Amino acid sequence: MPSSGESILQIPSGEDLLHAVYHRAVHESASGIIFCDPFAEEKKCAHRVLVEAARALTGVDLNCLRFDYRGCGDSSGEFHDFTPADWMKDILAVADYMRSELATATLGVLGLRLGATMAISAAEAAEVFDFAVLWEPIINGEQYMKMNLRRSLIKAMMTDGDNFVADDVRRQHTGTQMLDFDGYQVSQETREQIAGMDLFEVASHFTNPVLLLNITSREEVSDQFSELAEAMPHTRAEAVVEEPFWNRIGLVSSQRVTTATALWLAELQASILNSTAT
Amino acid sequence: MPQPDELKQEIKQMIVERLFLDVEPNHISDDENLMEAYDIDSVLLFEIVVGLEEVFGVSLEDADFSVETFATVSNIADFIAAMRG
């Protein structure tokens, strides 16, 4: 049940309705931010963190909107009927709604993992969003799918015991049939679309301010994230030492991630206000 | 190339860092079963595999995936040494 200051919305996208939760800024504000969830099981694991982050960011005068992609969560449709191309349209539909129905003048996006990648890859992202916060984005979709195969191999290895056959797992991931991925039916089309994503290809198109968070066990930004930051014209890259909460089932702290984000957004809000005043 | 003991220490350091374990690396013994001692499930084992590739520069093939390979620090060290030839 939403707390006070939060309301449930139904936002049209295609022929479906997206379930959304709108978190109103603590002080009246014309600035807003859309939250873009990660993929499949990562969304479930990250849910609590994203809700808490949305609530925290209302404190820096941002109206926050969280939503479920079509076929996910409480939005209409079945998961296997949609692909990342549809989910990117959902992101743009929500952005349009924020601008037109909720009078949002300055609009940003906060994406986690594949959600960050889809937000920046969505057509016209640079025109739609005034700023972006990318939490540990998927830089290369093909590599991400290879990692997902690794996860499946490890899971099968630990659960199948002597019956574990690596080739069987690989065949499932590379075949044309639906893949049962941690309980999600993932089509070949979705797998191919994800594999085709490359943040380096679209990074330079996004010329508005970006906060790129590398959520890691190390205190330095990784080489890959540093290179990505260089490819995006107005990007601040930071390393935040925190557990990868998007693949942890239990309670995991995300305080540092939320704090780093809130600080950057408060600075950004102040600079926007200053530029408006002058 | 690090000596066997040095390699084992680096592996322990990597495991503690990657899994955010609340234990000193040198408190992990070479031959204790990691899965049992630290409740390592498939999610955490994935972190170890990624760590092995990133920190030690080895590349795992499908055939390398066996519970035995990752059961102890000694086994992981043997695996890395074999991969490096």
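What's the number of the only condition in (1) in contact (Cβ under 8 Å) with a residue 40 or more places away in the chain; (2) touching a Leu at 6+ places or on another chain (Cβ under 7 Å) that B:Glu32 fails to meet?
The number of the failed condition is (2).
Inside the range A:105-154, can you point out the residues that are assigned to a helix (DSSP H, G or I), among the aliphatic types (A, V, I, L, M) and out of contact with any Ser or Thr (no Cβ under 8 Å at 6 or more places or on another chain)? Working first, answer last.
Start the filter on the range A:105-154 by keeping residues that are assigned to a helix (DSSP H, G or I), which leaves A:114-121, A:125-128, A:141-154.
With among the aliphatic types (A, V, I, L, M) added as a condition, the list becomes A:114, A:116, A:118-120, A:125-126, A:128, A:145, A:147, A:149, A:153-154.
The answer is A:Leu114, A:Ala116, A:Met118, A:Ala119, A:Ile120, A:Ala125, A:Val128, A:Met145, A:Met147, A:Leu149, A:Leu153.
With the condition kept exactly as written, say whether any residue in the range A:256-269 is over 22 Å from A:Leu57 (Cβ atoms), within 14 Å of another protein chain (Cβ to nearest Cβ) and not acidic (Asp, Glu).
no
With the requirement that a residue be among the small types (Gly, Ala, Ser) and in a helix (DSSP H, G or I), what does the range B:19-50 give you?
If the condition is that a residue be among the small types (Gly, Ala, Ser) and in a helix (DSSP H, G or I), then B:Ala37, B:Ser42 are the ones that fit.
Among the listed residues B:Glu68, B:Glu32, B:Glu54, identify the single one that is closer than 20 Å to A:Asp160 by Cα and either out of contact with any helix residue (DSSP H, G or I) (no Cβ under 6 Å at 6 or more places or on another chain) or surrounded by fewer than 16 Cβ atoms within 10 Å (Cβ to Cβ) (or both).
That would be B:Glu68, the only listed residue that is closer than 20 Å to A:Asp160 by Cα and either out of contact with any helix residue (DSSP H, G or I) (no Cβ under 6 Å at 6 or more places or on another chain) or surrounded by fewer than 16 Cβ atoms within 10 Å (Cβ to Cβ) (or both).
Any residue at all in the range B:51-59 that's touching a residue at least 24 places away in the same chain (Cβ under 8 Å), at the interface with chain A (Cβ under 9 Å from one of its Cβ atoms) and either in a helix (DSSP H, G or I) or on the phi < 0 side of the Ramachandran plot (or both)?
Checked the range B:51-59: at least one residue is touching a residue at least 24 places away in the same chain (Cβ under 8 Å), at the interface with chain A (Cβ under 9 Å from one of its Cβ atoms) and either in a helix (DSSP H, G or I) or on the phi < 0 side of the Ramachandran plot (or both).
Condition first: among the polar types (S, T, N, Q) and touching a residue at least 12 places away in the same chain (Cβ under 8 Å). Now tell me which residues in the range A:109-158 satisfy that.
Correct list: A:Thr117, A:Ser121, A:Asn140, A:Asn148, A:Ser152.
Please report, ordered by residue number, the strands (runs of 3 or more DSSP E) entirely within the range A:155-239 with at least 3 residues that are within 14 Å of another protein chain (Cβ to nearest Cβ) and buried (at least 18 other Cβ atoms within 10 Å of the Cβ).
A:210-216
Restricting attention to the range A:1-50, and to residues there that are of a type in the set (Ser, Thr, Tyr) and over 20 Å from A:Arg99 (Cα atoms), which single residue is modelled with the lowest pLDDT? Talk me through it step by step, then tell me what you get.
Restricting attention to the range A:1-50, the residues satisfying the condition of being of a type in the set (Ser, Thr, Tyr) are A:3-4, A:7, A:13, A:22, A:29, A:31.
Checking the rest, the ones that are also over 20 Å from A:Arg99 (Cα atoms) come to A:3-4.
On the way: A:Ser3: 62, A:Ser4: 70.
So, considering only residues that are of a type in the set (Ser, Thr, Tyr) and over 20 Å from A:Arg99 (Cα atoms), the one modelled with the lowest pLDDT is A:Ser3.
The values are calculated or read from the model by the stated rules, or taken from the named source; none is laboratory data. This is a predicted model, so every value here is computed, not measured. Neighbour counts are summed over all protein chains in view; Cβ atoms, including those assigned to glycine, are modelled from backbone coordinates with ideal geometry.
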